[in-house]
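The values are calculated or read from the model by the stated rules, or taken from the named source; none is laboratory data. Since this is a predicted model, take the numbers as computed values, not measurements. Here the Cβ positions follow ideal geometry from the backbone for every residue, glycine too, while neighbour counts run over all protein chains shown. Note: accessible area is taken over every heavy atom of the protein model, side chains too, but ligands, DNA and RNA are not part of it. Shrake-Rupley method; radii C 1.70, N 1.55, O 1.52, S 1.80 Å.
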Amino acid sequence: MNIEQQLDFLSARAVDFIARDDLKKKLEKAAAEGRGLRIKYGADPSAPDIHLGHVVGLNKLREFQDMGHTVVFIIGDFTGMIGDPSGRSQTRKPLTKEQVAINAKSYQEQVFKILDPEKTEVRFNSEWCGKMKFDDVIRLTAHVTVAQMLARDDFSKRYAANQPISIVEFLYPLVQAYDSVMVEADLELGGTDQLFNLLLGRELQKVMGQPPQCVMTLPLIEGLDGVQKMSKSLNNYVGVAEPAREMYGKLMSVPDDLMWKYFEYILCWPKDEVQAMHAKVASGELHPRAAKDMLAQAVVKRFIGEAEAQSASEEFTRIFAQKALPDEIPEVVLPAEEIGLLVLMVQAGLVKTNGEARRLVTQGAVKINDEKISDPRMQVVPEDGMVIRSGKRGFAKVKLG
RNA sequence: GGUGGAGUAGCGAAGCGGUCAAACGCAGCAGACUGUAAAUCUGCCCUCUUAGAGUUCGAUGGUUCGAAUCCAUCCUCCACCA
């Protein structure tokens, strides 16, 4: 690939790409010196599960690695320990050192499902932030003005709406920018919501006498509800470490309109292929369910394995299309004594409260051995192998003991 | 430092002495319809041994036959002015 082709390849799927010319020069220089560029990516250690939303960016990082560059994966443990009050999660709790360490570990395990560990440098920002004295912080803050900060979209909106903005929130982008200086990033990658922070890194590097990093943003994809950004706190995410069936099932529940994005950004299908398939579905040539099955299987295959993907798909059809039972049902161990149905359901872990169990029974969502139950006051005598089904996806099998 | 305002179920938001476990919307769950898509309709949605009972409306204490609603103190938050 020549330089222009490289640039095209590397900027595919990007929303913002700041300073293409800079990157071109950097690439030329790096090539001449026989080394790769340093691509920075920051991760928040408060949510230890990597989900498909992260994969959008990770895919890109992997492409950089495949082109010989190094990914500097920064775990924001320092910032995590302070607790970020930004956005709507105003009461985000500060993490302890232990939690951060645990989260960071699971982060790394999951991240290497996508990234090449050989070409990844994992850094914790406490490494330098922890050492800073208060006067270092003051010197750092002197580089940026309030007006600059208010340029950030969500700050200006919140300010205009009379919503609180904490000073710490001003510090966050600054810390992130400082990270860029410390690792001498050539390019920083992030979601579109990160644009301001990434650009601030560029500014700060300039002020501090470094060649400024290029900036690339990738879209934030919507989660399972099809509306909100995929995130753990909204519980609309698909984690890369989830069991195959779970992963498959979640993907099948994605709204149709969204699946094209998933094909493009998670599976990195070329745009024209995605469009071609979209057209087939639109014309009725391909059933949307079949397209989604393809998507779900491909994702499971990528993160878990081909065999698992296939069996997840088969089982899914069995359970939901043919309304059969899954081949593995969680067991509840019970004594052979009469027990109230509601209590049984709680014990089996099918529901959290009696009331919820009652609701399900009254609404005809509960079956014992394939027989619909409608009396919430029913007493059950547990039998070995008895199967309780609650709703579409709740199953429990009784084991006497 | 001063002035004004707010704290109600997962979120948003009514209620401002009894008919309040608390309107309504969102989210969630289930049923019907389906492709575990969307849309739609119906029901549920604090807990429990549910024709009933028990705990709730920032906290504590009070007034009252009776308080989410009134009073006092406290805590938390916000805006404006300085």
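Length gained on full extension, A:T141 to A:A31, computed as 0.36 nm times the residue gap minus the Cα-Cα distance: 36.0 nm.
The H on the amide N of A:V72, modeled in the peptide plane, is under 5 Å from the matching H of A:I39, A:K40, A:Y41, A:E121, each at least 5 residues off or on a different chain. For A:E184, no residue 5 or more places off, or on another chain, has a built amide H under 5 Å of its own. Straightening the chain between A:M294 and A:K24 buys 93.5 nm, computed as 0.36 nm per residue apart minus the Cα-Cα spacing. Among beta bridges identified by DSSP and lying wholly in segment A:3-218, the antiparallel ones come to about 15 percent. With the simple model of a label 7 Å out from the Cα in the direction of the Cβ, A:A151 to A:E273 spans 4.0 nm. Around the amide H of A:S231, modelled in the peptide plane, lie the amide H atoms of A:N236, A:Y237, all under 5 Å away and 5 or more residues distant in sequence or on another chain. FRET efficiency for the A:A336 to A:Q228 pair, using the beta carbon distance and R₀ = 41 Å, is estimated at 0.30.
Solvent-accessible area per residue in chain A equals 51 Å², computed with a 1.4 angstrom probe and all protein chains kept. In this structure, the residue pairs whose Cα-Cα separation is over 20 Å, taken from A:K229/A:K352; A:K323/A:K372; A:K25/A:K206; A:K40/A:K261, are A:K229/A:K352; A:K40/A:K261.
Under the criterion of Cα pairs below 8 Å and six or more residues apart, the relative contact order for chain A equals 14 percent. Build a GNM of chain A with springs between Cα atoms under 10 Å apart, and of A:L267, A:L115, A:L195 the one that fluctuates most is A:L267. Share of segment A:3-218's accessible area from carbon and sulfur, percent, 1.4 Å? Answer for segment A:3-218: carbon and sulfur cover 55 percent of the accessible area. When both bridge partners sit in chain A, DSSP labels roughly 40% of those beta bridges antiparallel. For segment A:42-57, 3J(HN,Hα) computed residue by residue from phi via the Karplus equation (6.51, -1.76, 1.60; θ = phi - 60°) reads x, 10, 8, x, 7, 10, x, 9, 7, 10, 4, x, 6, 4, 3, x Hz, glycine and proline entered as x.
Backbone phi angles across segment A:382-399, fed through the Karplus curve with coefficients 6.51, -1.76 and 1.60 (θ = phi - 60°), yield HN-Hα couplings of x, 10, 4, x, 5, 10, 10, 10, 10, x, 6, 10, x, 9, 8, 10, 7, 10 Hz in residue order; Gly and Pro are listed as x. Applying 0.36 nm per residue to the separation of A:K367 and A:K352 and subtracting their alpha-carbon distance, the gain on full extension is 3.6 nm.
Phi angles of segment A:112-126 translate, via the Karplus equation with coefficients 6.51, -1.76, 1.60 and θ = phi - 60°, into HN-Hα couplings of 7, 6, 10, 7, 8, x, 5, 10, 10, 10, 8, 10, 10, 6, 5 Hz per residue; Gly and Pro are given as x. Evaluate Rg over Rh across chain A, taking Cα atoms for both radii and Kirkwood's formula for Rh. Over the Cα atoms of chain A, Rg/Rh equals 1.05. Largest accessible area first, the listed residues A:K292, A:K397 line up as A:K397, A:K292 when surface is computed with a 1.4 Å probe on the assembled protein chains.
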